[in-house]
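Some notes on the structure that comes next.
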Amino acid sequence: MTPPPLVAVAHGSRDPRSAATIRALLDVSRGLAPGLDIRESFLDLSEPSLTDVLRGLHAEGHREVVVVPLLLGVAYHARVDLPALVAEVTADRPGLDVRVSAVLGIDPLIETVALDRLTEAGADLNDPGLGVLLAGVGSSNVAANDAVAGITTRWHLRRGLLATPAFAGAAQPDVPAAIAR
């Protein structure tokens, strides 16, 4: 029995490096699971869209699909946008069963990779004068914002980093306020 295709769905960005990074990640995944059909898609700002990919899979004859949200938190995109897009497609594609996995979430490995990237960029994580600003999109969902703030708290408690969260919108502090902090 062939497993259903996996459709990885990322947020999307105006910056083409974002989509290129997702494609590179999925190339690694395909290499690790060569028998699995893995497709990329995006919620916004990048192509292909999730709805186009799901409709395309249906047109290819697939009747089962698993969507894997490459999102860190259960905020608006995971709670509202993603279910609405899946419902839109399944309403006009009878017989298409789309299951959606949980979001990636905040994993200690992701936190470690972020610190590794800071080091690679030249930051001395042992410098007591180093300030680290962790910027998130920001959400009306308090738990999503708390997840970002929790990372900076853990970095401070475990590593002694002067770290603070910042948000691009819908939450405080915004980036200028976080820099001032």
How many residues are closer than 19 Å to Leu118 by Cβ, open to solvent by 50 Å² or more (accessible area, probe 1.4 Å) and either in contact with an Asp or Glu (Cβ under 8 Å, 6 or more places away or on another chain) or not in a loop (DSSP other than H, G, I, E, B) (or both) if we restrict to region 128-167?
-> 10
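Okay, residues lined up against (1) modelled with pLDDT under 95; (2) farther than 30 Å from Arg159 by Cβ; (3) in the same structural domain as Arg159 (by the TED database):
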{"position": "Gly12", "(1), (2), (3)": "yes, yes, no"}
{"position": "Arg17", "(1), (2), (3)": "yes, no, no"}
{"position": "Gly56", "(1), (2), (3)": "no, yes, no"}
{"position": "His62", "(1), (2), (3)": "no, yes, no"}
{"position": "Val65", "(1), (2), (3)": "no, yes, no"}
{"position": "Pro69", "(1), (2), (3)": "no, no, no"}
{"position": "Val80", "(1), (2), (3)": "yes, yes, no"}
{"position": "Thr90", "(1), (2), (3)": "no, yes, no"}
{"position": "Arg93", "(1), (2), (3)": "no, yes, no"}
Can you work out which of the residues in region 168-177 that are among the hydrophobic types (A, V, I, L, M, F, W, C) and surrounded by fewer than 19 Cβ atoms within 10 Å (Cβ to Cβ) is farthest from the chain's Cα centre (by Cα)?
-> Ala177
Is there any pair linking a residue in region 120-142 that is acidic (Asp, Glu) to one that is assigned to a loop (DSSP other than H, G, I, E, B) and surrounded by fewer than 15 Cβ atoms within 10 Å (Cβ to Cβ), with Cβ under 9 Å and at least six apart or on different chains, and which?
-> Asp124/Leu130
Please go through region 1-22 and pick out each residue that is open to solvent by less than 80 Å² (accessible area, probe 1.4 Å) and over 19 Å from Arg99 (Cα atoms).
-> Gly12, Ser13, Asp15, Ser18, Ala19, Ala20, Ile22
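Go through region 39-125 and tell me which helices (runs of 4 or more DSSP H), entirely inside it, have 3 or more residues that are within 27 Å of Ala147 (Cβ to Cβ) and open to solvent by 60 Å² or more (accessible area, probe 1.4 Å).
Working: elements: 50-59, 82-92, 108-120.
Because the criterion is at least 3 residues that are within 27 Å of Ala147 (Cβ to Cβ) and open to solvent by 60 Å² or more (accessible area, probe 1.4 Å), the helices (runs of 4 or more DSSP H) in region 39-125 that meet it are 108-120.
Going through Ala114, Ala123, Ala144 one at a time, which residue ends up being assigned by the TED database to the domain that holds Gly160 and either touching a His at 6+ places or on another chain (Cβ under 6 Å) or over 26 Å from Ala170 (Cα atoms) (or both)?
On the way: Ala114 fails: either touching a His at 6+ places or on another chain (Cβ under 6 Å) or over 26 Å from Ala170 (Cα atoms) (or both); Ala144 fails: either touching a His at 6+ places or on another chain (Cβ under 6 Å) or over 26 Å from Ala170 (Cα atoms) (or both).
On inspection, the qualifying residue turns out to be Ala123.
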Determine which single condition Val28 fails, assuming it passes every other condition in (1) over 26 Å from Thr152 (Cβ atoms); (2) in the same structural domain as Leu133 (by the TED database).
-> (2)
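The values are calculated or read from the model by the stated rules, or taken from the named source; none is laboratory data. Computed from a predicted model, the values in this text were never measured in an experiment. Neighbour counts are summed over all protein chains in view; Cβ atoms, including those assigned to glycine, are modelled from backbone coordinates with ideal geometry. Surface accessibility is based on the protein's heavy atoms, side chains included, excluding ligands, DNA and RNA. Shrake-Rupley method; radii C 1.70, N 1.55, O 1.52, S 1.80 Å.
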